[in-house]
1. So if I check each of 202, 170, which one is touching a helix residue (DSSP H, G or I) at 6+ places or on another chain (Cβ under 6 Å) and open to solvent by less than 50 Å² (accessible area, probe 1.4 Å)?
2. Look through 91, 109 and report the one residue that is open to solvent by less than 90 Å² (accessible area, probe 1.4 Å) and among the polar types (S, T, N, Q).
3. Please state which of the following conditions residue 155 fails to meet, knowing it meets all the rest: (1) without any contact (Cβ under 8 Å) to a residue 40 or more places away in the chain; (2) surrounded by fewer than 15 Cβ atoms within 10 Å (Cβ to Cβ); (3) over 22 Å from residue 37 (Cβ atoms); (4) not hydroxyl-bearing (Ser, Thr, Tyr).
4. What are the residues in the stretch 237-258 that are of a type outside the set (D, E, K, R), surrounded by fewer than 17 Cβ atoms within 10 Å (Cβ to Cβ) and on the phi < 0 side of the Ramachandran plot, if any?
5. For the stretch 33-67, name all the residues that are assigned to a loop (DSSP other than H, G, I, E, B) and free of Cβ contacts under 8 Å to residues at least 60 places away in the same chain.
6. Answer with yes or no whether residue 61 is surrounded by fewer than 18 Cβ atoms within 10 Å (Cβ to Cβ), modelled with pLDDT under 90 and more than 16 Å from residue 189 (Cα to Cα).
7. What residue, of 216, 210, is in contact with a Gly (Cβ under 9 Å, 6 or more places away or on another chain), touching a residue at least 24 places away in the same chain (Cβ under 8 Å), on the phi < 0 side of the Ramachandran plot and not charged (D, E, K, R)?
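The values are calculated or read from the model by the stated rules, or taken from the named source; none is laboratory data. Since we're looking at a predicted model, the values are computed, not measured. Cβ coordinates were reconstructed from backbone atoms using ideal geometry, including for glycine residues, and neighbour counts include every protein chain displayed. To get the accessible areas, we keep the full protein, side chains included, count just its heavy atoms, and leave off ligands, DNA and RNA. Shrake-Rupley method; radii C 1.70, N 1.55, O 1.52, S 1.80 Å.
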Amino acid sequence: MGAKAKVVVHRIRRLREGAEGMMVQVDGSLHDWLEGRAPKFCLMGSVDDATSGVLHLHFRPTEDANGYLCMFRDIAVVYGLSMSYYHDKHTILRSPKKPTIEDELEGRTPMSHVQKVMHDLGIESIAAHSPQAKGRIERLWKTLQDRLVKEMRLAHIDTMEQANAFLPGFIKRYNARFAVEAADTDTAWVALEKGCDLDYYFSMQETRTVKADHTVSFEGKTLQICAKSRTRSLVGQMITVRVNPENKLNLYDGKNRLD
């Protein structure tokens with residue numbers, strides 16, 4: 001059973017039992033985290049709605065798609081797949097495009113790259129209508145902009161790299177003090193399948209048509225598909241180009257990785 005199917009089945013079982021689906025709130029906060037000792041940068045973070053525990057924090061120059069993919073991948077590896085992600089209406093997480101006539105005929109909904117990753121994993125994407133609706137993550141930012149800033153000052157943190165190295169210990173201390181037990185102790189996390197190809201699921205993706213010489217064009221480059229990695233002729237077929245958060249590019253025929 002694939003990862004998406006596992007999530008769907010798990011969700012149906014939980015709903016039948018009367019349990020609420022687990023929600024993770026995610027966001028990014030651009031702030032002067034080092035109080036002028038470095039340029040402003042963005043803290044990407046997530047919080048478990050049931051426990052108020054911090055699941056992930058990392059600093060990046062800006063709030064971007066790769067930051068969210070890193071976050072989702074890290075959460076999936078450490079905890080598993082959640083039922084839903086609750087977020088704002090940033091275009092990284094929610095496509096502003098309206099369906100075309102072709103979309104409506106095919107029953108498709110326009111999605112951002114990150115939104116499609118959530119969809120493919122069977123994770124519900126829920127957009128909040130106001131900052132107040134994302135209460136837990138907004139309260140987290142308020143706390144961190146006080147507590148984390150002070151701790152990094154005392155630790156003489158002067159760069160984003162040092163700040164990221166400081167975060168694991170901070171998260172552990174924060175959760176020990178502020179996280180609470182979930183009302184429902186039956187876990188809603190769905191573990192990744194053993195040997196799950198993380199680059200397949202947690203990557204930006206584009207489709208390309210294979211040319212007669214078994215090449216595809218992508219961002220001005222010609223990519224050759226090696227014969228030994230193919231299980232069939234791909235001439236005229238659609239494949240996907242997937243680029244992971246570290247900008248490593250991979251080609252896929254379905255779920256078969258091509259060289």
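1. Going through 202, 170 in turn, just one is touching a helix residue (DSSP H, G or I) at 6+ places or on another chain (Cβ under 6 Å) and open to solvent by less than 50 Å² (accessible area, probe 1.4 Å): 202.
2. 91
3. The number of the failed condition is (3).
4. Listed by number, the residues that qualify are 237, 238, 249, 256.
5. Listed by number, the residues that qualify are 36, 39, 40, 62, 63, 64.
6. no
7. Selected residue: 210, the only one of 216, 210 that is in contact with a Gly (Cβ under 9 Å, 6 or more places away or on another chain), touching a residue at least 24 places away in the same chain (Cβ under 8 Å), on the phi < 0 side of the Ramachandran plot and not charged (D, E, K, R).
One line per residue, one yes/no per condition, for (1) out of contact with any Lys or Arg (no Cβ under 9 Å at 6 or more places or on another chain); (2) hydrophobic (A, V, I, L, M, F, W, C):
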{"position": "44", "(1), (2)": "no, yes"}
{"position": "71", "(1), (2)": "yes, yes"}
{"position": "75", "(1), (2)": "yes, yes"}
{"position": "83", "(1), (2)": "no, yes"}
{"position": "92", "(1), (2)": "yes, yes"}
{"position": "96", "(1), (2)": "no, no"}
{"position": "105", "(1), (2)": "yes, yes"}
{"position": "108", "(1), (2)": "yes, no"}
